[in-house]
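Please read the structure below before turning to the comments.
The values are calculated or read from the model by the stated rules, or taken from the named source; none is laboratory data. In this text, all values refer to a predicted model and were calculated from it rather than measured experimentally. Every residue, glycine as well, gets a Cβ built from its backbone with ideal geometry; the counts of neighbours run over all protein chains shown. To get the accessible areas, we keep the full protein, side chains included, count just its heavy atoms, and leave off ligands, DNA and RNA. Shrake-Rupley method; radii C 1.70, N 1.55, O 1.52, S 1.80 Å.
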Amino acid sequence: MELLDEFAYRFYQELDYVLECANGVRIAEDMKVLPMVVIPKNFPEYTSRRVHVAEWIDGEKLSQSTADDVGALVNLGVITYLTQ
């Protein structure tokens, strides 16, 4: 029963977009030391429990990158992951 309660609590916490927006603001602050990493700007003033408003960023999948870029992007991904 405790496991189910914990799962339900975490599940609903993941659906709380106010919390998600706050996490986005925090991760943007943490990642600003990595100039090649772009975190979408979050807009807490427009975000509610059911609506999360953030900047749209056009990008490309790693699989669409050129072979020359993949090595650098993978290294950046590892650094980004460890920074989190």
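Structural remarks
- Carbon/sulfur fraction of accessible area - the chain, other protein chains in place, 1.4 Å, %: 60
- Segment 37-52 - phi-based ³J(HN,Hα) in whole Hz, Karplus 6.51/-1.76/1.60, Gly and Pro as x: 9, 10, 9, x, 5, 9, 10, x, 5, 10, 8, 10, 4, 10, 10, 10
- Based on protein heavy atoms only, the chain ends up with 86 Å² per residue of surface accessible to a 1.4 Å probe.
- Taking the average, over residues, of other Cβ atoms within 10 Å as the packing measure, peptides 34-46, 64-76, 18-30 rank 18-30, 34-46, 64-76 from highest down.
- Helical segments meeting 15 Å axial Cα length and Kyte-Doolittle 1.0 threshold in the chain (DSSP H): 67-83
- Tail fraction, Cα-Cα pairs, the chain, threshold 19 Å, whole percent: 56
- Note on the chain: with charges restricted to the Cβ of Lys and Arg (+1) and Asp and Glu (-1), its dipole about the Cα centre is near 140 debye.
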